[in-house]
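The structure under discussion appears below in the form of structure tokens.
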Amino acid sequence: MEGPMGPGPRQGGGGLGATRSTSSGRTTRASAMPWARFSAWLECVCVVTFDLELGQALELVYPRDFQLTDKEKSSICYLSFPDSHSGCLGDTQFSFRMRQCGGQRSLWHGDDRPYNNKAPLALQREPAHYLGYVYFRQVKDSSVKRGYFQKSLVLVSRLPFVRLFQSLLSLIAPEYFEKLAPCLEAACNEIDQWPAPVPGQTLNLPIMGVVIQVRIPSRVDKLESNPPKQCDQENLLPAPVVLASVHELDLFRCFRPVLTHVQTLWELMLLGEPLVVLAPSPDVSSELVLALTSCLQPLKFCCDFRPYFTIHDSEFKELTTRTQAPPNVVLGVTNPFFIKTLQHWPHVLRIGEPKMSGDLPKQVKLKKPSRLKTLDTKPGLYTSYTAHLHRDKALLKRLLKGVQKKRPWDSQSALLRRHFLELTQSFIIPLEHYMASLMPLQKSITPWKSPPQICPFRQDDFLRSLEHAGPQLTCILKGDWLGLYRRFFRSPNFDGWYRQRHKEMAQKLEALHLEAICEANLEAWMKDKSEVEVVDLVLKLREKLVRAQGHQLPVKEVTLHRAQLYIDTVIGSLPKDLQAVLCPP
């Protein structure tokens, strides 16, 4: 049974849902939508506790009027607790991803497009899933019937800012577990004062006496293995806690047990292959799944992924059915029961208990799926997949030498990140070059004809182009690149990449067509045209203008201004009755 859904509005500001006013006394727009700023970062904050009669139960939801369906509430409850096999004592942080179930979106939600248009593709807001960031505490407590205090604080968002939200939880959760609701209310009110996340900007975010400074990545950032340095915009007191990244994980820590297989795992991610990651705890499973899906950047991972998944999930039957081929999804699990349930999956990665020593842990071995039979199956990558590219032995030697010399893990992670980045870029650059060749020449775009079509993508033509412009120009790794491309063409990642590039090229064509119209001699064109043709031009120009003003076309402000003048000029040349139709009062 659920507890109260949070305190109600309080008069005079400060309470959840209270009206906010500026210092001058004028009520801001936030008064009509008091959670507008909060919802730019988070959907809601949940508290999940253990009830002796019900099991996991939703105790609180902030804001109190945020709408979650019963199915979403149930999913959050089950995904916010480690399963009984994990035995997590103390504090544990992990994350999950769950499908939205069609509940009514909150009234204070803004438009995602301004943020998404500037953000890297991999960091855009999730359109159909919620991301949950969990801080779970389990400690002995004699005052509780069961003998243990068990509670989770969960931040639910559509932004994949795992590092920022984990840092936020490490500040809020310990305080909340001590002081309960008032402390959480204060934290939510502080987040509701934050500026919105704008790609390319460095922001100072005050929370519980600390200022977290972050830079929101932008699509135009130069791709580097190390994120751009932060800069102080002002002398802040207290000095800000600077986060090097809002989303990047410690890759080396995540991949330590599987370093010998990073090449194979990168290929499996590139091809969108179904993969189960069976780990000893939800923090290990969720971090490794997120690390795997991030190793393709700047290419967007277009398949489903679940950093932590349980047998209680509403999609359990859908994702584990044997009546059809396994779906293109990466599942992070901790219950050994999944070994039996998902025996038919082509790739299973089992991770052993983490070693605390500074040495490199024993590397998991590559094993045939037929050996995956019992619940006590040993750690290993169980797959019959053979990598198309040869292993990068030089990278493994450098990482091993780093371990021996006790090189900082940040440096080790930077090495891995650079390796993945260069590998992905070497793979994707030939595709980008070929795609660019399909764009019609600018001189073929004329103002009074529809813009020319983008040429079709012909796989055989692309594969032939690799002989003189392939990945061998930028990558030292040898292997069957052609075979890898052929399999990539059948993957959801190729489909997602192609659709995105085709959409961007179509928008560029439309923008160039609008510019061509605005630079043409309109009066000369109108001399021998019928009223129907002129009205048709007005309607088409208006449609393009609306799309451009909605940030859907890459055009300059001066072009927009000129297009509006053109529309006014053309309408002014028409008879009064037509003007009244096109410009109603």
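Using only Cα atoms, figure out Rg for the range 36-199 and give it as a multiple of 2.2 N^0.38 Å.
1.05
Apply 1/(1 + (r/R0)^6) to the Cβ-Cβ distance of Val558 and Met439, taking R0 = 25 Å, and write down the FRET efficiency to the nearest 0.05.
0.60
What order do you get for 272-278, 253-259, 94-100 when each peptide is scored by the mean count of other beta carbon atoms within 10 Å, highest first?
For the peptides 272-278, 253-259, 94-100, the packing ranking is 272-278, 94-100, 253-259.
Per-residue HN-Hα couplings for the range 307-312, Karplus 6.51 cos²θ - 1.76 cosθ + 1.60 at θ = phi - 60°, whole Hz, x for Gly and Pro?
Rounded to whole hertz, the list is x, 9, 9, 10, 5, 8.
Taking R0 as 45 Å, what FRET efficiency do you get between Glu533 and Arg490 from their Cβ-Cβ distance, rounded to the nearest 0.05?
Here the calculated transfer efficiency is 0.45.
What does the charge dipole of the chain about its Cα centre add up to, to the nearest 20 debye, if the Cβ of each Lys and Arg holds +1 and the Cβ of each Asp and Glu holds -1?
The dipole magnitude comes to about 1860 debye.
Just the number please: accessible area per residue for the range 250-490, 1.4 Å probe, all protein chains included, in Å².
Heavy-atom SASA per residue in the range 250-490 reads 48 Å².
Can you tell me which of 143-155, 522-534 comes out highest on packing, and rank the rest after it, using the mean Cβ neighbours within 10 Å?
143-155, 522-534
Stretch Ile429-Glu190 to full length: gain in nm at 0.36 nm per residue minus the Cα-Cα span?
Once the chain is fully extended between Ile429 and Glu190, it gains 81.7 nm.
Arrange the peptides 390-400, 337-347 so that the one whose residues have, on average, the most other Cβ atoms within 10 Å appears first.
Per-residue mean Cβ counts within 10 Å order the peptides as 337-347, 390-400.
Under 5 Å between amide hydrogens, which residues at least 5 positions from Ser218 or on another chain qualify, with H placed 1.01 Å from N in the peptide plane?
Result for Ser218 returns Gly200.
For a 31 Å ceiling on Cα separation, which of these pairs sit above it: Lys140/Lys365; Lys340/Lys401; Lys300/Lys368; Lys508/Lys529; Lys222/Lys397?
Pairs exceeding the cut-off: Lys140/Lys365; Lys340/Lys401.
Over the chain, what is the mean sequence separation of C-alpha contacts under 8 Å (at least six apart), divided by residue count, expressed as relative contact order in percent?
So the answer I get is 11 percent.
Determine the sum of side-chain charges near Phe149: Lys and Arg each +1, Asp and Glu each -1, restricted to other residues whose C-beta is under 12 angstrom from that of Phe149.
+2
What residue among Leu539, Leu522, Pro554 has its Cα farthest toward the positive end of the dipole of the range 521-582, where the charges are +1 on Lys, Arg and -1 on Asp, Glu, each on the Cβ?
After comparing all options, I get Pro554.
What are the aspartates and glutamates whose alpha-carbon lies under 17 Å from the alpha-carbon of Lys179, with same-chain residues fewer than 8 places away excluded?
The qualifying aspartates and glutamates are Glu59, Asp91, Asp141, Glu190.
Below 12 angstrom from the Cβ of Asp568, what's the summed charge of the other residues (Lys, Arg +1; Asp, Glu -1)?
Residues close to Asp568 contribute a combined charge of +2.
Can you send over the carbon and sulfur percentage of the accessible area for the chain, probe radius 1.4 Å, protein chains only?
Carbon and sulfur: 53 percent of the exposed surface of the chain.
With the convex hull built on the Cα atoms of the chain, state its orientation-averaged projected area in nm².
Averaging across all directions leaves 33.7 nm² for the Cα convex hull.
For the pair Lys576 and Lys300, what calculated FRET efficiency results from E = 1/(1 + (r/R0)^6), where r is the Cβ-Cβ distance and R0 = 60 Å, to the nearest 0.05?
0.70
Could you work out how much longer the chain between Asp460 and Asp91 gets when fully extended? Use 0.36 nm per residue separation minus the Cα distance between them, nm to one decimal.
Here the segment from Asp460 to Asp91 would lengthen by 127.5 nm.
Say each of Lys145 and Ile476 gets a label point 7 Å from the Cα, pointing the same way as Cα to Cβ; how far apart are those two points in nm?
With each label placed 7 Å out from Cα toward Cβ, I get 6.5 nm.
The values are calculated or read from the model by the stated rules, or taken from the named source; none is laboratory data. This is a predicted model, so every value here is computed, not measured. As a convention, Cβ positions derive from the backbone with ideal geometry for all residues, glycine included, and neighbour counts pool all protein chains shown. For the accessible areas, the whole protein counts, side chains as well, though only heavy atoms, and no ligand, DNA or RNA atoms are used. Shrake-Rupley method; radii C 1.70, N 1.55, O 1.52, S 1.80 Å.
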